[in-house]
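The values are calculated or read from the model by the stated rules, or taken from the named source; none is laboratory data. These numbers come from a predicted model, not from an experiment. All Cβ positions, glycine included, derive from the backbone under ideal geometry; neighbour counts span all protein chains shown. Surface areas here come from the heavy atoms of the whole protein model, side chains and all, with no ligands, DNA or RNA. Shrake-Rupley method; radii C 1.70, N 1.55, O 1.52, S 1.80 Å.
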Amino acid sequence: AQSVAQPEDQVNVAEGNPLTVKCTYSVSGNPYLFWYVQYPNRGLQFLLKYITGDNLVKGSYGFEAEFNKSQTSFHLKKPSALVSDSALYFCAVRDRDRGSTLGRLYFGRGTQLTVWP
Amino acid sequence: DGGITQSPKYLFRKEGQNVTLSCEQNLNHDAMYWYRQDPGQGLRLIYYSQIVNDFQKGDIAEGYSVSREKKESFPLTVTSAQKNPTAFYLCASSPRDRGTTNPGLKSGNTIYFGEGSWLTVV
């Protein structure tokens, strides 16, 4: 079965410091991996995705994520955090090899990132 | 501007009442989705549709119904059978792969979300 784990409900970091939001996944085949961000009372905004190729993916707002197949991880990173990065972050996976999934995404439970000044 | 429009933003439902949440997109996307978000539980899939006049149940379809009569529209009805409907509802859409054996089934296409609708039972 497809699943996504975000082991930290909350991540706190000081502005200017690097941040990491962790994600591990489980799929029966090869994955497509996504990160989304949600601000309060808003929909999800797409940040970046891994499809194939370079394991380091760069996305919006200076975020990047590294795909590690051996560790089945796709951690979100940013070299220097901003207070405005404070939000709820979701990792999601789609199994590219299972036709029965019909394109659906499986989401983690979300990680609340707080960046303090 | 292109995008996904959900309405209303806030909706209150009385016990025993059916309500319908609207979702319209002008992105020319074939696939559309409805998710429910509860605090601490992430997003759960209610229904999805890969093409007009076709839709599939997700993980928590009981107490909900949908229709897909037009490509741009995918309304969600929360029926009185849904015992705990208070939640944040998110509509989403994505393009389908074309020119493959199973269009849309092996897709790295991004799913894009609307701004959500809050439903509260009063």
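Table for the structure above
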read-out	value
Residue in region B:78-106 that is modelled with the lowest pLDDT, counting only those that are within 30 Å of residue B:12 (Cβ to Cβ) and of a type in the set (A, V, I, L, M)	B:81
Criterion violated by residue A:87 - all others in (1) among the small types (Gly, Ala, Ser); (2) open to solvent by 30 Å² or more (accessible area, probe 1.4 Å); (3) at pLDDT 95 or above satisfied	(2)
Subset of region B:11-42 (residues that are at the interface with chain A (Cβ under 10 Å from one of its Cβ atoms) and either small (Gly, Ala, Ser) or under 14 Å from residue B:115 (Cα atoms) (or both))	B:31, B:33, B:35, B:37, B:40, B:42
Looking only at region B:67-92, and only at residues there that are within 14 Å of residue B:117 (Cβ to Cβ) and open to solvent by 20 Å² or more (accessible area, probe 1.4 Å), the one that is farthest from the chain's Cα centre (by Cα)	B:86
Residues that are buried (at least 19 other Cβ atoms within 10 Å of the Cβ) and either under 24 Å from residue B:89 (Cβ atoms) or touching an Asp or Glu at 6+ places or on another chain (Cβ under 8 Å) (or both), drawn from region A:50-71	A:57
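To keep it simple, each residue is scored yes or no on (1) in contact (Cβ under 8 Å) with a residue 40 or more places away in the chain; (2) over 19 Å from residue B:37 (Cα atoms); (3) within 10 Å of chain B (Cβ to nearest Cβ); (4) assigned to a strand (DSSP E or B).
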{"site": "A:20", "(1), (2), (3), (4)": "yes, yes, no, yes"}
{"site": "A:29", "(1), (2), (3), (4)": "yes, yes, yes, no"}
{"site": "A:34", "(1), (2), (3), (4)": "yes, no, yes, yes"}
{"site": "A:37", "(1), (2), (3), (4)": "yes, no, no, yes"}
{"site": "A:46", "(1), (2), (3), (4)": "no, no, yes, yes"}
{"site": "A:77", "(1), (2), (3), (4)": "yes, yes, no, yes"}
{"site": "A:92", "(1), (2), (3), (4)": "yes, no, yes, yes"}
